[in-house]
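Read the figures in this text as sums done on the coordinates, not as results from a lab. None of the values given here were measured: they were computed from a predicted structure. Because the Cβ atoms are built from the backbone with ideal geometry, glycine has one as well, and the counts that use them run over all protein chains shown.
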Amino acid sequence: MNISSAIFHCSAPNLGSCPDESLPEFAFIGRSNVGKSSLLNLLAGKQRLARVSTTPGFTKLINFFTMSKTWRLVDLPGYGHAHLARKHRAEFNEAVIDYLQNRPNLHCVFALIDSGLPPQPIDLEFVEWLAGNSIPFVLVFTKTDKVKPAVVQANIDAFKARISEWCENLPVIMTCSAASKHGRGDLLNIIKEVLATAQAEPGEQPEQNQIEETVETEQPSPDAVTSAENFLSIRQGSGARDIRGKRPKLPRPW
């Protein structure tokens, strides 16, 4: 997938303030300091599209970026930070929950996990909440350049083992590094394949002549193509939101 343009659209404090629902959206969320903003900039091919900060919890609003005039990247506030007052943490969490549960044009959530850490309770709780609410998601293990490959794989295997206890269908799992640009093509390929399934939905199919090459793109690996197909087969198996856990709706993980 080639990105012809990437522009900041708006910030929203809650679902009611979000932009119109005319474009498909792909949301990114993770624990604070997981490298979310750097990854968004990598995907967009624009270094300063999303502001990168070393301060945990810097993203406080739902930020929308329009890509190639045909779809949106959505930067959701991170979870797990302790630098905000409890009152404000609750407000941000309500907005995120409302968006994830009720945004009709949300096509997929990319849940970011630090590849250098063993499974963290808050990440496991969030993924379980996504599965329990039948929200389609992909797991993305970040910062792979900072950790030995064996450690990355061990942490991924441990995470899979934990979620397999309650997740009926294991989600697609991908790896990335904003520093080395690893994984960009793979992630964009997932988005491309999901967009291709939206042909039957009015106003959601990107026009090919609107997507032109302006930045270098990493070609998706064969494994990424398979991952995209696996994600779509899971997603289409029983409706728009069908990556289901065995439990009904769960308490909020935050």
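Positive end of the dipole of the stretch 100-187, charges at C-beta (+1 Lys, Arg; -1 Asp, Glu), about the Cα centre: which of TRP166, LEU124, PHE141 has its Cα farthest in that direction?
Sorting the options by dipole projection puts first PHE141.
Residue-wise, which Karplus ³J(HN,Hα) couplings in Hz belong to the stretch 173-184, taking 6.51 cos²θ - 1.76 cosθ + 1.60, θ = phi - 60°, and x for glycine or proline?
10, 10, 10, 7, 8, 5, 5, 8, 6, 5, x, 4
Take GLU128, GLU165 and order them by how many other Cβ atoms sit within 10 Å, fewest up front.
Lowest to highest Cβ neighbour count: GLU165, GLU128.
Residue-wise, which Karplus ³J(HN,Hα) couplings in Hz belong to the stretch 150-157, taking 6.51 cos²θ - 1.76 cosθ + 1.60, θ = phi - 60°, and x for glycine or proline?
Karplus values, whole Hz, x for Gly and Pro: 5, 5, 4, 5, 5, 5, 5, 4.
What residues have an amide H closer than 5 Å to that of PHE110, excluding those fewer than 5 places away on the same chain, when H is modeled at 1.01 Å from N in the peptide plane?
Residues meeting the criterion, in which the H sits 1.01 Å from N, are ALA27, PHE28, ILE29, VAL138.
Would you mind checking which residues have amide H under 5 Å from HIS182's amide H? H placed 1.01 Å from N; only 5 or more apart, or other chain.
SER177
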